[in-house]
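Take a look at the structure set out below.
The values are calculated or read from the model by the stated rules, or taken from the named source; none is laboratory data. Since we're looking at a predicted model, the values are computed, not measured. A quick note on method: Cβ atoms are made from the backbone with ideal geometry, for glycine too, and the neighbour counts reach across all protein chains shown. The area values use the complete protein model at the heavy-atom level, side chains included, leaving out ligands, DNA and RNA. Shrake-Rupley method; radii C 1.70, N 1.55, O 1.52, S 1.80 Å.
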Amino acid sequence: ASAVNEAIDSIEGATYVLICHDDVILRPGAIASMVQEAFRSNASMVGPKILDGDNPDCLLEVGGMIDRFGVPFSGIEEGEVDQEQHDGVRDVFYVSSAAMLVRADLFRALGGFDELCFPGAEDIDLSWRAHLVGARVLVQPDAAVEHHHVSDSMRDSRTSSKAVVAQHRMRAVLKNSSRTSLMWIIPLAFI
């Protein structure tokens, strides 16, 4: 998260920036499709259809939603085969940091990724803050990428655990929810 923030701060004159993990392979035309959709739909963040790098016929993600506790939900079953069943441009709550196109000025205005939400919730937090300022977040399934999860397995062996990821997601919930919502979310989370 800090490396992405630093890199984007050093870029001058870009309208959009593509944030992408080093274990993602972009299919031909993916960037062009995301940029065209961003301009067509006046979107501030656009994500692609993410396919399994080891089995490119299987879907991993096509944007996502979260519950009140920050737990992501994609609507895709494990091992679900891509038969173009999710191939409609649509608004989503968040797009994965595995590959996301973001308006550069918005990324800077939001302060970039919250380093305390990394790993596990930096993309959810950034998308949430984008929604709070009225930005549009959507997925463009014509843009496809293959994610190999190499960085996930390396991260798992270094610092990540389910508890750390859950903590980072809860941080996103606590900082982005209204006080009224937090009055029932926090007690329910403890229960």
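Once you order the gyration tensor axes a ≥ b ≥ c over the Cα atoms, which shape class does region 17-64 get: rounded for a/c under 1.5, otherwise prolate or oblate by comparing a/b with b/c? Prolate, because a/c is 1.5 or more and a/b exceeds b/c. For region 87-144, the dipole from Cβ point charges (+1 on Lys and Arg, -1 on Asp and Glu) about the Cα centre works out to 200 debye, to the nearest 20.
What part of the accessible area of region 1-45, given as a whole %, is carbon or sulfur when the probe is 1.4 angstrom? Don't jump to the answer; show the numbers that get you there.
Working: 1360 of 2630 Å².
Carbon with sulfur: 52 percent of the solvent-accessible area.
Simple point charges give the picture: +1 on the Cβ of Lys and Arg, -1 on the Cβ of Asp and Glu, and for the chain a dipole about the Cα centre of about 1000 debye. Per residue, the chain exposes an accessible area of 52 Å² to a 1.4 Å probe, with every protein chain left in place. Ellipticity at 222 nm from helices only: DSSP H runs of n ≥ 4 in the chain, each -39500 (n - 2.57), divided by the residue count, give -11500 deg cm²/dmol. Per-residue 3J(HN,Hα) values for region 137-149, derived from phi via the Karplus relation 6.51 cos²θ - 1.76 cosθ + 1.60 with θ = phi - 60°, read 10, 9, 10, 10, x, 5, 8, 10, 9, 10, 10, 8, 6 Hz in sequence order (x marks Gly and Pro).
Size of the dipole of region 1-58 about the Cα centre, Lys and Arg at +1 and Asp and Glu at -1 on the beta carbon, nothing else charged, in debye to 20? Don't skip to the answer; put the middle values down first.
Numbers: 3 positive and 9 negative charges, 73 e Å.
With only Lys, Arg, Asp and Glu charged at Cβ, the dipole is about 360 debye.
Measuring nothing but protein heavy atoms, the accessible surface of region 53-191 at 1.4 Å probe radius is 55 percent carbon and sulfur.
Just the number, please: percent antiparallel of the DSSP beta bridges in the chain, rounded to the nearest 5.
Details: 18 of 26 bridges.
So the antiparallel bridges in the chain amount to around 70 percent.
Normalising the Debye intensity of the chain to I(0), with uniform scatterers on Cα atoms only, and taking log10 at q = 0.08 Å⁻¹ returns -0.25.
Largest accessible area first, the residues E61, E12, E77 order themselves as E12, E77, E61 under a 1.4 Å probe with ligands, DNA and RNA left out.
Counting other Cβ atoms within 10 Å, which chymotrypsin sites (Phe, Trp or Tyr not before Pro) in region 56-103 have at most 11 and lie in a DSSP loop?
On the way: sites: F69, F73, F93, Y94; in loops: F69, F93.
Within region 56-103, no chymotrypsin sites (Phe, Trp or Tyr not before Pro) qualify (loop, at most 11 other Cβ atoms within 10 Å).
Using a probe of 1.4 Å on the protein chains alone, the accessible area found for E84 is around 130 Å².
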